[in-house]
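This report refers to the structure that appears directly beneath it.
The values are calculated or read from the model by the stated rules, or taken from the named source; none is laboratory data. Being a predicted model, the structure only gives us computed values, none of them experimental. Methodologically, a virtual Cβ is constructed for each residue, glycine included, from the backbone with ideal geometry; neighbour enumeration extends over all protein chains shown. In case anyone asks, the SASA skips ligands and DNA or RNA and just uses the protein heavy atoms, side chains included. Shrake-Rupley method; radii C 1.70, N 1.55, O 1.52, S 1.80 Å.
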Amino acid sequence: MYKKWRKAVIIPIAAVTLGFIYFLLGNTTTNAAKQGIDLWRMAEAVQHDNGKVIEWSLHTRETLNIENAGQFRAKMEKLQETFPQWDWKQDEKKDRFAAVGTSVSANSNFHEKIQLLSTLKNGQRFSYILYEVSGQNWSKEEAQLIKEKFPKQLALIYKEKPVIFSCIKGEFNDKIDHVLSKYASDMLKEFHAEEKESLKEKDFYSVSAYSPDFTQAVPLRNTEMNVQIGLRKSGMGAKTTIVIGTPILTIEY
C-alpha cells in the first residue's frame, strides 16, 4: 500500500531519518484511542472537500527481545493462542524467522494482520511485531469498529505502547480543474497545520507539516512534523489522488 508514492515522499523528509529511527525505537507516548480519532479526522477532511476515501490503514510496530528460534516459536504460539480463529502461516530460515496471522471481517472491509519477524544481520538479531488494520471504504461503522476494537487488540498484542501510523487514501473527481495547491492549502487549513517542507510540481505535491490536531511527531531538522500530504493529478479534469499520513506517510513495512 502506497508504494507508488515512495520516490516522491522520501525527498522532502530525508532530514528526519536519524531522528525517526530513534522515534521508532524509543517513543512510548502513543494513545491508541486518540490515534483512531486521528484517522477519523483525516477521513472527515477528505470528505469535507467532496472527496471519497478509497483506502485507510493503521500500522503499529514494537521491537522485541528474541534471540533464538525457541523464543520465536514461544512468542508465535502465544499469539496463535490469543487469536485462534486467525489464519496463521510461518517461515523459518537460518537467518530469518517469520510468522503472519490474518483475519478478515464478515463484510470484507476490515482486514487485520499480525507479523512477527526476527532477522539476523551482522551477527545481531533484530525482532519486531507489527499489527495492521486496513480497509477500502470509510463509514461510521468502520470508525466505530476502530474506536471499540483497535485499543483492545493493541493491549492483547503489545507489552508496551507501540508506534502508530495512520493513513488515508482518497480521490477527488475534478469537475473543475483545481490546481493541486488549492487542495493542499485546504487540507492544511483543515488540520490547522503549518507547512515545514514540500516538493511542489505541476501534477504532484508532497507536503510535510506540523498540526496541533495530531498526537505524534518526528524530528525535522530544527523543528518537528507530524502530518504528510501527497497529491497527484493525472490530467485535465481527471481524478486527483490524495494520501494523508500521521506522523508520516507509510510507504512499506
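Quote the relative contact order of the range 140-253 in percent (integer), defining contacts as alpha-carbon pairs under 8 Å separated by 6+ residues.
28
Each of GLN80 and ASN122 was given a label point 7 Å from its Cα along the Cα-to-Cβ line. The distance between the two points is 3.4 nm. When the square roots of the Cα gyration tensor eigenvalues are ordered a ≥ b ≥ c, the ratio a/c for the range 65-123 is 1.5 or more and a/b exceeds b/c, which makes its shape prolate.
When nucleic acids and ligands are ignored and a 1.4 Å probe is applied, SER166 ends up with an accessible area of around 0 Å². Normalising the average separation of contacting C-alpha pairs (under 8 angstrom, six or more residues apart) by the number of residues puts the relative contact order of the range 111-152 at 35 percent.
With Cβ to Cβ distances under 13 Å as the rule, what net charge do the other residues near LYS113 carry (K, R +1; D, E -1)?
-1
Rolled with a 1.4 Å probe across the full set of protein chains, the surface gives THR250 an accessible area near 10 Å². Its relative contact order, with pairs defined as Cα atoms under 8 Å and 6+ residues apart, puts the range 88-214 at 12 percent.
Each peptide in 189-199, 37-47, 82-92 gets a packing score, the mean of other Cβ atoms within 10 Å over its residues, and the list from highest to lowest is 37-47, 189-199, 82-92.
Between LYS147 and THR102, the modelled label-to-label distance comes to 3.0 nm, taking each label 7 Å out from Cα in the direction of the beta carbon. At an R0 of 51 angstrom, the distance between the Cβ atoms of THR63 and LYS182 translates into a FRET efficiency of 0.80. First check a/c for the range 131-238, with a ≥ b ≥ c the square roots of the eigenvalues of its C-alpha gyration tensor; if it is under 1.5, answer rounded, and if not, answer prolate when a/b is larger than b/c or oblate otherwise. Because a/c hits 1.5 or more and a/b fails to exceed b/c, the range 131-238 counts as oblate.
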